[in-house]
Each structure stands twice: as C-alpha cells, then as structure tokens.
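Below is one structure, written out as structure tokens; comments come after it.
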Amino acid sequence: MLALPLVGGCNGSTTTPEPEPDAGSQGEPDIAAGRDVFLRSCALCHALGDAQAVGTLGPDLDQLRPTAERVRRQVRTGGGAMPPNIVEGQQAEDVAAYVAEVAGRAGDDDG
C-alpha cells in the first residue's frame, strides 16, 4: 500500500486516519469518497478527466471505461507497474464505483 504522510490540522496537530472497516463490513460505495481515494492513490499513474488526472504510467481510464468489478479486481491483484492492494476494503469499493461512474464521461454533459 502507498504510504502517505500525516497532514497537520488547522490547530497544528496531526491527524490519524480512521481505521478501515473489515472487508466483510463494507457499506454502499461513496462516489465522493472514491474521487478522494482516486486523487490520493491513483491519479499519479492514470488519466481520468473527471479528476483532471493526466498520469501516463497506467491505462487512460476514460478510454478503458472499466466496470466497477474490473477496477476492484485490478486494485486487488495489481498488474504491470501497479502493486496489488493499493487500496483495500471500503476505499477499494468507493474508488471502483467512482471510476466506473465517471470514466469516459468528462465532457459528455451538454450543459
């Protein structure tokens, strides 16, 4: 998993990430949370218009338009330069739902 530094809060204190739920206790995917996970863990390598991500190491997700199941499987198993289990549990569910929802849709809105 990719290690991220702790970020100082407004009062200068550091924050500790909340523990991730067990794999069996996942709730409904949260698209907004999935976007945040994507920005932190995926955008460096992948292009995705909705996230304004222009990474070139991994596939362009707007062109690929993966299903949520395909994203979950890739996140779990990795492949190429992508390590397995880059995000897990609810974060994996959230990012899979987000990518499946928005991939290939940036600019599709007519107004």
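The values are calculated or read from the model by the stated rules, or taken from the named source; none is laboratory data. Keep in mind that this is a model prediction, so the values were computed, not measured. Ideal geometry is used to build each Cβ from the backbone, glycine not excepted, and the neighbour counts take in all protein chains shown.
Do you know which of the residues in region 23-42 that are closer than 18 Å to Pro84 by Cα and surrounded by fewer than 17 Cβ atoms within 10 Å (Cβ to Cβ) is farthest from the chain's Cα centre (by Cα)?
Only one residue tops the list, namely Ala23.
Identify all residues within region 43-87 that are within 22 Å of Gly27 (Cβ to Cβ) and surrounded by fewer than 16 Cβ atoms within 10 Å (Cβ to Cβ); write none if there are none.
The answer is Thr67, Glu69, Arg70, Arg73, Arg76, Asn85.
Which one is modelled with the lowest pLDDT, of the residues in region 56-110 that are small (Gly, Ala, Ser) and on the phi > 0 side of the Ramachandran plot? Before you say what the answer is, go through the steps one by one.
If we filter region 56-110 for residues that are small (Gly, Ala, Ser), which is where we start, we get 58, 68, 78-81, 89, 92, 96-97, 100, 103-104, 106-107.
Then drop every residue that is not on the phi > 0 side of the Ramachandran plot, which leaves 78-80, 89, 104, 107.
On the way: Gly78: 95, Gly79: 91, Gly80: 89, Gly89: 97, Gly104: 94, Gly107: 59.
The residue in question is Gly107.
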